[in-house]
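Have a look at the structure below, then the notes.
The values are calculated or read from the model by the stated rules, or taken from the named source; none is laboratory data. Model, not experiment: these values are computed from the prediction. Here the Cβ positions follow ideal geometry from the backbone for every residue, glycine too, while neighbour counts run over all protein chains shown.
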Ligand SMILES: Cc1cc2nc3c(=O)[nH]c(=O)nc-3n(C[C@H](O)[C@H](O)[C@H](O)COP(=O)(O)OP(=O)(O)OC[C@H]3O[C@@H](n4cnc5c(N)ncnc54)[C@H](O)[C@@H]3O)c2cc1C
Ligand code: SF4
């Protein structure tokens, strides 16, 4: 590992100021739980000369819930959030997605901000001897023509086919959540989680729309009332594994008919993949095997696969059908 310095930020303003003041060849990195960052530093994938430790931000209360919704501090741990009684009762989708992620030990340390900004698990990205446009722009992409079964089938480009592997962002997208971020000049802005992630295009090195040095302060959740929600994660083994396909669905039914719905696929695209055409097709209809199957087909109609990822087409369709039909019994 390359030598690095640590600055323990006093508060959010100090964190963003320190980032701005220390722009070197290798930009600084915010350090939250470190479960992604330190891993990538050990692999030599990222080599910040300065870590800005966010631990002091954990001192302020992290989770506030009222009639308008919830504000969750970015330094809240995944365990803390999943165990919060009001979050569990009003937004059970969040707890479900978190409890499907990583291991209890990791969730005790990993934070919400870090979960949203975790990097792809593409094996070539994590292997410095492989060509990777995300790690080194212009280097090429060893995944294309290589082993791709864990990678994306939607929203890819000829420069990168990596996926966003996380669970929480998928649930937050299905709940219309936003992030509050602070820029290096101290100005705050809100970004819908649905708009946080970039498609790779010809700049796969940029995962999100955040500018360098922007700090996630919090996640906000609207109080919007969904009748019911569900989270489904399909993976190679039943625990401690990233998803091959995940689905989050939130629905509001009125007399059994869909009034409003969010269908979001995870692990199959560079960002949580909202299936807006499928949502529109289900609006004002009941959920039944015929409408669910048609909606699932719309979710993956623009997918692009090679021989290693063909199975993900059928798996994604079945996952969406299964998630939708499961809602009928709980709504
Ligand atoms: C073995 C293993 C299995 C895992 N399995 C899963 C899984 O099944 N599902 C899943 O969803 N995740 C999984 N993860 C990923 C895990 O959820 C993330 O590593 C974790 O959430 C990152 O949080 P952290 O606080 O440790 O972030 P860090 O490692 O500290 O940071 C991660 C990135 O986010 C940046 N960052 C952190 N906080 C902020 C902030 N507030 N503002 C701006 N930038 C910030 C950092 O600079 C860094 O680039 C797994 C991880 C491991 C190691
Ligand atoms: S798919 Fe993306 S992350 Fe993986 S090797 Fe190619 S450019 Fe890198």
For residue 71, state whether it is over 30 Å from residue 225 (Cα atoms) and touching a residue at least 60 places away in the same chain (Cβ under 8 Å). no
Examine segment 240-247 for a residue that is more than 16 Å from ligand 1 (Cβ to nearest atom) and modelled with pLDDT of 95 or more, and state whether such a residue exists. no
Where residue 224 falls short, out of the listed (1) touching a residue at least 24 places away in the same chain (Cβ under 8 Å); (2) outside any loop (DSSP other than H, G, I, E, B): (2)
State yes or no: is residue 192 within 16 Å of the chain's Cα centre (by Cα) and surrounded by fewer than 22 Cβ atoms within 10 Å (Cβ to Cβ)? yes
Here are the criteria: (1) in contact with a helix residue (DSSP H, G or I) (Cβ under 6 Å, 6 or more places away or on another chain); (2) surrounded by fewer than 24 Cβ atoms within 10 Å (Cβ to Cβ); (3) not in a helix (DSSP H, G or I). Tell me which single one residue 153 does not satisfy. (2)
What are the residues in segment 199-224 that are farther than 20 Å from residue 19 by Cβ and either within 16 Å of ligand 2 (Cβ to nearest atom) or touching a helix residue (DSSP H, G or I) at 6+ places or on another chain (Cβ under 9 Å) (or both), if any? 199, 200, 201, 202, 203, 204, 219, 221, 223
Looking at segment 40-56, I want the residues that are more than 14 Å from residue 8 (Cα to Cα) and have a partner that is in a loop (DSSP other than H, G, I, E, B) and within 8 Å of ligand 1 (Cβ to nearest atom) with Cβ atoms under 6 Å, at least 6 apart or on another chain. Which pairs are those? 40/46
Taking the stated definitions as given, is residue 268 assigned to a loop (DSSP other than H, G, I, E, B), in contact with a strand residue (DSSP E or B) (Cβ under 8 Å, 6 or more places away or on another chain) and in contact (Cβ under 8 Å) with a residue 40 or more places away in the chain? yes
For segment 159-172, give me each residue that is out of contact with any strand residue (DSSP E or B) (no Cβ under 8 Å at 6 or more places or on another chain) and away from ligand 1 (no atom under 11 Å from the Cβ). 162, 163
